[in-house]
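Following: one structure in structure tokens, then a few remarks.
Each reported figure results from applying straightforward, stated rules to the coordinates on display, with no laboratory input. Computed from a predicted structure; not experimentally measured. Note that each Cβ is placed from the backbone with ideal geometry, even for glycine, and that neighbours are counted across all protein chains shown.
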Amino acid sequence: MKENKLFSNFNPTTVKEWETKIKEDLKGADYNKRLITKTIDGIDIKPYYVIEEIANIELSNTQPGEFPYIRGNTTALKKHRIRQNIFVNDYSKANKKAKNIISKGITSIGFVLSHKESVQEIDFLNLLSEINISEIETNFISGKNSEIILKYLLKYITDNKIKAETVRGSLDFDPLGHKTIYGKCYNKQNCNFSNSLEILYKLTENKLENFRIFSVNCQNFKNAGSSSVQEIAYGLSIANDYLVNASELNIPIEKFANKIQFSFGIGSNYFIEIAKIRAARLLWAKIIEAYQIDSKYIGKMYVHSETCTWNKTIYDSYVNILRTTTEAMSAILGGTDSLLVKPFNSSFEKENDFSERIARNTQIILNEEAYFDKVIDPSGGAYYIESLTNSIAEHSWNLFLEIEKEGGYNIAFDKGIIKERIEETANKRNINIALKKEILLGTNQYPNRNESIKISKKETKSVHPKALRLYRASEAFEDLRQKTERASNVPKVFLFPIGNITMRKARSAFAANFFSCAGFKIIDNTAFNSIEDGIKICKDSNAEITVICSSDQEYIQFAPEIFKHLKTQSIIVIAGNPKNSIDNLKEIGIEHFISIKSNILETLENFQEKLGLS
């Protein structure tokens with residue numbers, strides 16, 4: 001019986017035919033400006049992708065479990081580990097919480113102990129009481145306490161006759177990561193981190209084969225506003241510094257590499273985040289290969305992912321749940337081994353049972369109801385993802401080589417190169433947010449006008465001059481809105497829609513959205529049939545700002561009369577940038593124009609200053 005293939009009756013469309021049709025539809029418009037999107041890293045995103053895109057990508061035909069592990073470390077179906085962190089203040093309470101969340105679907109626990117001055121063995125025993133560490137991945141974010149925690153763990157395994165190979169987890173010892181965000185070492189002894197690497201490695205040499213001692217916290221870069229390329233390149237550079245130190249200590253690289261865990265921050269750029277993890281796996285395998293050892297067995301990257309904090313907002317905070325959901329999807333589809341979905345409120349207040357439950361269930365639902373755990377590398381072979389993986393890998397590799405030419409990560413960091421480059425990227429992203437080229441829903445776009453929040457003033461902490469500043473992208477807008485909400489009289493914005501029905505509606509909506517970002521009170525109006533009616537109602541409102549909303553062609557007809565009657569009691573603003581009449585409008589004294597090209601943050605700050613808000 002002849003097999004009938006789907007669409008076999010249709011002739012394939014060539015790239016040339018696609019391009020010809022697109023150019024016809026563009027009617028002379030610039031192809032690159034209209035259809036090519038350039039990422040912050042300079043990677044071009046095309047409007048469509050076809051099979052020819054991956055024909056020359058050598059590694060696009062590799063299979064899961066094959067070097068260089070772009071498609072994951074194994075051919076077996078396996079669930080990623082669902083992680084939840086517990087900040088340990090009281091050891092018994094932390095233990096009780098751990099057992100509770102394990103019963104609710106958590107398969108990986110992260111005990112945060114890095115803040116502790118010291119940890120006693122009795123405390124450690126209380127922490128692990130009745131927790132089966134052979135079944136639950138157990139991670140210790142322990143920082144300067146890493147050595148003592150590891151010793152306690154080894155003794156605990158021996159005393160309880162636990163098979164060491166069944167113990168999975170990590171120690172999160174990352175001296176260069178700590179230096180990156182604090183500008184200094186864990187302590188004086190750890191400034192020469194080679195000594196600590198050697199001590200920790202020897203404690204577990206030929207032991208705990210599935211427990212990772214050293215971490216590379218790439219998410220620090222993400223949460224400082226870096227690009228995905230920078231996150232990969234600088235993370236790999238840190239890892240390579242550790243490999244170089246291990247080599248100098250005559251530690252076998254093939255054993256040491258298996259002790260390293262990479263932790264990535266996952267943002268909301270869905271496809272880029274999927275490709276980022278795949279590209280990182282590829283490059284790590286290539287780095288291991290460069291050490292001229294049998295990379296077939298040790299070039300596998302263990303990836304832990306965390307939803308990033310950089311794009312999380314205080315206003316309209318439930319949107320954070322949508323953000324963490326897409327981020328979780330990207331991480332799982334990209335092939336992460338474990339995942340921490342941070343509670344939606346974790347960046348601005350103490351998590352509660354509700355927010356932690358939502359975070360846990362996000363991952364459980366993706367597995368149990370969306371079947372994310374039932375397929376290996378579902379994005380493999382997708383023309384767009386494969387092309388994007390290749391582009392990110394090429395850009396990341398070039399940046400990695402630049403840092404290596406400087407002498408490696410530690411030296412480049414001390415020179416200020418890392419901080420300078422990430423701040424440059426972060427500033428570009430800040431500008432994009434102010435221009436609404438990058439959207440933070442509920443903050444710089446479509447804010448909830450009825451929401452009023454009192455944010456505790458942030459403590460001013462001294463920051464080491466070389467350290468990266470971890471921040472949230474929404475902070476500037478939140479400060480802007482808080483300044484308004486703290487005012488004794490919240491400024492009122494009167495919308496003056498008149499003229500063309502389509503344009504007045506569109507520009508009224510735009511203006512309302514624009515000024516709501518600063519928390520101003522919006523006085524909305526359907527439309528005015530005459531200038532006189534609008535002027536009378538506007539005067540009665542005592543609005544500090546009046547926004548005229550009409551068409552470009554009609555502004556010269558309406559605006560001069562409105563300005564003449566209201567200029568002494570209200571700041572007059574034109575919604576739009578009417579090229580045909582803007583000079584004439586400026587001549588009569590109208591100074592303020594808002595449009596999609598406006599820097600919304602800067603513009604609103606100027607209005608606050610004019611209104612005496614401080």
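A straight line joining the Cα centroids of the stretch 30-77 and the stretch 119-177 runs 39 Å. Considering only the Cα atoms of the stretch 401-482, their convex hull presents on average a projected area of 7.0 nm².
Charge tally around K104: other residues with Cβ under 9 Å, Lys/Arg +1 each, Asp/Glu -1 each, net +2. Hey, got a sec? Which chymotrypsin sites (Phe, Trp or Tyr not before Pro) in the stretch 1-99 land in a DSSP loop and have at most 15 other Cβ atoms within 10 Å? Answer in residue order: F7, F10, Y48. For the chain, the membrane-span-like helix rule (DSSP H, alpha carbon extent of at least 24 Å along the helix axis, mean Kyte-Doolittle at least -0.5) picks out 228-248, 270-290, 383-405; this says nothing about an actual membrane.
Beyond a 19 Å Cα-Cα separation, which of these cross-linked pairs lie in this structure: K207/K286; K350/K457; K33/K597; K23/K437; K457/K483? From the list (K207/K286; K350/K457; K33/K597; K23/K437; K457/K483), the Cα-Cα distance tops 19 Å for K207/K286; K23/K437. Applying both filters, DSSP loop and at most 14 other Cβ atoms within 10 Å, to the trypsin sites (Lys or Arg not before Pro) of the stretch 338-430 gives K350, K415. Computed about the Cα centre, the dipole magnitude for the stretch 488-542 is approximately 120 debye when only Lys and Arg (+1) and Asp and Glu (-1) carry charge, each at its Cβ.
Using a cutoff of 8 angstrom between alpha carbon atoms and counting only pairs six or more residues apart, the relative contact order for the stretch 59-405 works out to 20 percent.
Under the rule a/c < 1.5 gives rounded, and otherwise a/b versus b/c splits prolate from oblate, where does the stretch 1-71 land using the Cα gyration tensor?
On the way: a/c = 3.56, a/b = 1.16, b/c = 3.07.
Here the stretch 1-71 falls in the oblate category.
When the Cα positions of G334, A280, S129 are compared along the charge dipole of the stretch 59-405, S129 comes out farthest toward the positive end, with charges on each C-beta of Lys, Arg, Asp and Glu.
Net charge of the neighbourhood of L208, taken over other residues with C-beta under 10 Å away and scored Lys/Arg +1, Asp/Glu -1, is +1.
Tell me what the chain gives for mean residue ellipticity at 222 nm when only DSSP H runs of n ≥ 4 count, each as -39,500 (n - 2.57), the sum divided by the residue total, rounded to 500 deg cm²/dmol. Write out the running numbers ahead of the final one.
Values: 23 runs with 271 residues, N = 614.
After summing the helix terms and dividing by the residues of the chain, the value is -13500 deg cm²/dmol.
When the gyration tensor of the stretch 59-405 is built from Cα positions, what are the square roots of 5 times its three eigenvalues, in whole Å, from largest to smallest? Let's see the in-between values first.
Details: eigenvalues 153, 133, 78 Å².
Output for the stretch 59-405: semi-axes of 28, 26, 20 Å.
Each Lys and Arg adds +1 at its Cβ and each Asp and Glu adds -1 at its Cβ; summed about the Cα centre, the stretch 59-405 shows a dipole of about 460 debye.
Here the stretch 305-323 and the stretch 434-499 have alpha carbon centers that stand 15 Å from each other. Its relative contact order, with pairs defined as Cα atoms under 8 Å and 6+ residues apart, puts the chain at 13 percent.
What relative contact order, as a whole-number percentage, does the stretch 171-285 give when Cα pairs under 8 Å and 6 or more residues apart are counted? Intermediate results must be reported in sequence, preceding the final value.
Details: 120 pairs, mean separation 34.6, N = 115.
Rounded, it is 30 percent for the stretch 171-285.
Placing unit charges on each Cβ (+1 for Lys and Arg, -1 for Asp and Glu) gives the chain a dipole about its Cα centre, and among S226, P64, S108 the Cα reaching farthest toward its positive end belongs to S108. Listed values (i) 88, 69, 51; (ii) 72, 69, 53; (iii) 93, 59, 51 include one computed from this model; for Cα extents along the principal axes in Å that value carries the label (i). Amide H contacts of I141 (H built 1.01 Å from N, in plane; Pro and chain starts excluded): F111, V112, L113 sit under 5 Å, all sequence-distant by 5 or more or on other chains. Listed by chain and number, the lysines placed with their C-alpha closer than 20 angstrom to that of K419 are K179, K184, K222, K405, K428, K461, K466; residues fewer than eight positions away on the same chain are left out.
Please work out whether the stretch 1-148 counts as rounded, prolate or oblate from its C-alpha gyration tensor, where a ≥ b ≥ c are the square roots of the eigenvalues and a/c under 1.5 means rounded, while otherwise a/b larger than b/c means prolate and anything else oblate?
Because a/c hits 1.5 or more and a/b exceeds b/c, the stretch 1-148 counts as prolate.
A quarter of the convex hull surface defined by the alpha-carbon atoms of the stretch 82-154 gives 4.3 nm² as the mean projection. If you take all other residues with their beta carbon under 13 Å from the beta carbon of S355, and give Lys and Arg +1 and Asp and Glu -1, the sum is +1.
Would you mind calculating the gained length between Q120 and E209 on full extension (0.36 nm times residue separation, minus the Cα-Cα distance), in nm to one decimal?
On the way: separation 89, 0.36 × 89 = 32.04 nm, distance 2.54 nm.
Gain in length upon complete extension: 29.5 nm.
Counting Cα-Cα pairs of the stretch 352-429 in 5 Å increments starting at 0 gives whole-percent bin shares of 3, 12, 10, 11, 12, 10, 15, 16, 9, 2. Kindly identify the stretch 487-610 as rounded, prolate or oblate by the Cα gyration tensor criterion: order the square roots of the eigenvalues as a ≥ b ≥ c, call it rounded if a/c is under 1.5, otherwise compare a/b with b/c, prolate if a/b is larger, else oblate. It is rounded, given that a/c, with a ≥ b ≥ c, falls under 1.5.
Think of each Lys and Arg Cβ as +1 and each Asp and Glu Cβ as -1; about the Cα centre, that makes the dipole of the chain roughly 900 debye.
Do any cysteines in the chain lack another Cys Cβ under 4.7 Å, and if so which? Unpaired cysteines in the chain: C218, C308, C517, C538, C549.
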